[in-house]
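Peer 1: The following block contains the structure, expressed as structure tokens.
The values are calculated or read from the model by the stated rules, or taken from the named source; none is laboratory data. These figures come from a predicted structure and were not determined experimentally. With ideal geometry, Cβ positions are generated from the backbone for all residues, glycine too; neighbour counts draw on all protein chains shown. To get the accessible areas, we keep the full protein, side chains included, count just its heavy atoms, and leave off ligands, DNA and RNA. Shrake-Rupley method; radii C 1.70, N 1.55, O 1.52, S 1.80 Å.
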Amino acid sequence: MVCNKIALYCMRIVLAFTALSFFPATPIHSAPAIKAPVISLAGVEVAHYWGYWFVDKKTEPTKGKLPANVGAPLDLAFVLNIKNPNPYPVQLEELKFTVAFEDFELNTVNAYETMWIPGDKTNQVRVHAMFDVATSFLSLGATGGFQLQKKQVSAWDQLEKWWTGIQTFSFPVRVTNGTARFTSGVKGVISSFEGVYPPKASK
Amino acid sequence: MRLTTVRNWILAAVVVAAVIGFNPHTPYAAEEIVIGSLNDMTGATSDVGKDYAMGVAEAVAYVNETGGINGKKIKLYQFDYGYRIPEALTKYNLFKKFGARAVLGWGTGDTESLSPTITKDQIPYISASYSAHLTDPKKTPYNLFFATDYSTNARAAITAWFDKKWPQHKEYGKRKPRLVCSYMFASPYCSAPIKAIKDQAQLLGFDVGDDQDVSLLALDTKSQVLAMKQFQPDLVWHGNTTMSVAATLRDAYALSLGADHIINNWGIDENLPKLAGEAAEGAMGAAVCAFFGENVPMMKHIVEYAKKLNPGVPPEKRMIRTVQGWGAVLLAAEALRRADKAGGELTGQAILQKGFETLREFELGVGSAPVTFTAEDHRPAGKVPIYEWKGGKFNLVEQVDVKGRWPEKWQKEWLGW
């Protein structure tokens, strides 16, 4: 009698497994396709500013030692609006974008902080991007050298123009190849975005 | 149906749900494997680094969406370090804080600087530096990469030129061929294979001229080309990245240097003919894997994920660097899968010994040579396809089997440099 009961339980478990196996990837509640949240550049701020300068690594510093050539840092904050067009909350999983001064790409920023965005609402996120004259000189040289040569502008002149002009945003700061990954907890979607600041600036 | 029967069915369903819920192989398993990725998206090698970084992120997404690491997802933290070694060390510490099981690294400088630390920490470090200095497990056990190393690539490129081009030269049989090297002396990446190049040149009977120092940012290399011209080289080896190699090819062409060119893998890609124009015609090099869009098993997915994850970058702007990023990720993923499947804790030592070092002639599907790692030898392969830019496309010149052609030297002499 006990053996029969055990056998019956086992059979039920096997049958339940079989039934579930027909729906291996079906989530607990079937969700409609998630609409991609819309990301737009609300603004760019100079978060911290140290002017324009460059120091060769051979220079003797007042304190400590120089690890390499160093240049003025520039901390820009990018404020992004993220609008969730879905009637349910979605979670931002990660976000990345490239920053170009005029047409020269200088930095790519990744942000891994997550947040939930309520249904039909807009959240704001602030992402900092750090630049410095020494690294930007290398980036400009490695990727934009021929472009600058064509413009007949030296990399140093171009950097000085940007580092001094950023206080008034006298040139366009572009956000390109922006992508962000979202999930509703069941389904995922990728949004792409771009922007330019000041908004009136164009190519 | 009696009440007890209903209760029993519910009980059975709960048991099944519990089993499924705890099964790590279900698609929604919560466990994640953290991997850090150091990339140069802003520094001196960003001309090739940005595309590589995109490839890494896209390959991780592919791995996660096709079963992950035996059901566990990879959580990737990818940071730019601007090719600054102090920042690489700092970011590495951040990866450790995140609990990274492995790190995808970038340049030779930071990889070699971090090598003692990762050895102490026992964290596998899969770099985009293919320096042969990282291939001897007695010295650098946790350094790995998927591609043939720079020294093997250079030996193969010199050999391919010697086999295929030199016999067609009008001076063939009358004198020794002449070689010079053009690279940035201060860059660990550029100078890594120099000793092997000189050794291979001697082996094949070359005369070797003075090395020429060319910055990675050089746009004008006329003085170096004029210095080369005094030696009248037949062959120039270029060790820089694409932009400065293009500048050198242009100046060599303009000043009628009259030599052929072989290029280390980070200097030969889809951008080279765009930047160097007709001066790139005939340039040869070790590509280490397929060019973007080439017909290899994984390319369908590589192109698909490039479009899906980075829709803002048109496919015609993507490069072989993307494919190299995939190579690194697919190698790491396979090692993680094997180590995880072997059971026990997924430590760095387990990933190395039960993962990487169990790979034998493993095909990654990205057009690279099949990889083998043993506890004694971390050179992934010894066969190197050498390509030539000719008639608007890259053509295979020869697949040089460096290991097969000089088995004794490969085995006893060449490991680790």
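Peer 1: Mind counting the residues in region A:149-165 that are free of Cβ contacts under 8 Å to residues at least 24 places away in the same chain and either under 23 Å from A:Pro198 (Cβ atoms) or open to solvent by less than 10 Å² (accessible area, probe 1.4 Å) (or both)?
Peer 2: The number of residues fulfilling the criteria is 5.
Peer 1: May I ask you to list the residues in region A:171-203 that are β-branched (Val, Ile, Thr) and either touching a Gly at 6+ places or on another chain (Cβ under 7 Å) or assigned to a strand (DSSP E or B) (or both)? Let's see the steps before the verdict.
Peer 2: Filtering region A:171-203 for residues β-branched (Val, Ile, Thr) gives A:173, A:175-176, A:179, A:183, A:186, A:189-190, A:196.
Across region A:171-203, the qualifying residues are A:Val173, A:Val175, A:Thr176, A:Thr179, A:Thr183, A:Val189, A:Ile190, A:Val196.
Peer 1: Name every residue in region B:69-122 that is within 24 Å of B:Asp340 (Cα to Cα), within 14 Å of another protein chain (Cβ to nearest Cβ) and of a type in the set (S, T, N, Q), in order of residue number.
Peer 2: If the condition is that a residue be within 24 Å of B:Asp340 (Cα to Cα), within 14 Å of another protein chain (Cβ to nearest Cβ) and of a type in the set (S, T, N, Q), then B:Gln78 is the only one that fits.
Peer 1: Taking region A:112-148 on its own, how many of its residues are without any contact (Cβ under 8 Å) to a residue 24 or more places away in the chain, among the aromatic types (Phe, Trp, Tyr) and more than 8 Å from chain B (Cβ to nearest Cβ)?
Peer 2: 0
Peer 1: Right, here's the next one. Would you confirm whether or not region A:126-141 contains a residue that is more than 16 Å from A:Ala72 (Cβ to Cβ), of a type in the set (Lys, Arg) and out of contact with any strand residue (DSSP E or B) (no Cβ under 7 Å at 6 or more places or on another chain)?
Peer 2: Checked against the condition, which is being more than 16 Å from A:Ala72 (Cβ to Cβ), of a type in the set (Lys, Arg) and out of contact with any strand residue (DSSP E or B) (no Cβ under 7 Å at 6 or more places or on another chain), region A:126-141 yields no hits at all.
Peer 1: Now for a different question. Within region B:320-347, can you find the residues that are open to solvent by 10 Å² or more (accessible area, probe 1.4 Å) and either at pLDDT 95 or above or touching a His at 6+ places or on another chain (Cβ under 9 Å) (or both)?
Peer 2: Here is the first cut: in region B:320-347, the ones open to solvent by 10 Å² or more (accessible area, probe 1.4 Å) are B:330, B:334, B:337-338, B:340-347.
The answer is B:Leu330, B:Glu334, B:Arg337, B:Arg338, B:Asp340, B:Lys341, B:Ala342, B:Leu346, B:Thr347.
Peer 1: Another one. Report, by residue number, each residue of region B:211-253 that is part of a helix (DSSP H, G or I) and more than 14 Å from chain A (Cβ to nearest Cβ). Full working, then the answer.
Peer 2: Here is the first cut: in region B:211-253, the ones part of a helix (DSSP H, G or I) are B:222-231, B:242-253.
Selection gives B:Ser223, B:Gln224, B:Val225, B:Leu226, B:Ala227, B:Met228, B:Lys229, B:Gln230, B:Phe231, B:Ala252, B:Tyr253.
Peer 1: Please find, within region A:92-109, the residue that is nearest to A:Gly141 (Cα to Cα) out of those that are open to solvent by 40 Å² or more (accessible area, probe 1.4 Å) and in contact with a strand residue (DSSP E or B) (Cβ under 7 Å, 6 or more places away or on another chain).
Peer 2: The first filter runs over region A:92-109 and keeps only residues open to solvent by 40 Å² or more (accessible area, probe 1.4 Å), leaving A:93-94, A:103, A:105.
With the extra rule that they be in contact with a strand residue (DSSP E or B) (Cβ under 7 Å, 6 or more places away or on another chain), the set shrinks to A:93-94, A:105.
Working: A:Glu93: 34, A:Glu94: 30, A:Glu105: 11 Å.
That would be A:Glu105.
Peer 1: Which of the numbered conditions does A:Thr168 fail, given that it passes all the others? Conditions: (1) open to solvent by 60 Å² or more (accessible area, probe 1.4 Å); (2) in a loop (DSSP other than H, G, I, E, B); (3) touching a residue at least 12 places away in the same chain (Cβ under 8 Å).
Peer 2: (3)
Peer 1: While we're looking at this one, here's another question. Which of the residues that make up region B:295-329 are aliphatic (A, V, I, L, M) and either in contact with a Gly (Cβ under 7 Å, 6 or more places away or on another chain) or not assigned by TED's automatic domain parsing to the domain that holds B:Asp47 (or both)?
Peer 2: Start the filter on region B:295-329 by keeping residues that are aliphatic (A, V, I, L, M), which leaves B:296, B:298-299, B:302-303, B:306, B:309, B:313, B:319-320, B:323, B:328-329.
Passing the criteria: B:Val296, B:Met298, B:Met299, B:Val303, B:Val323.
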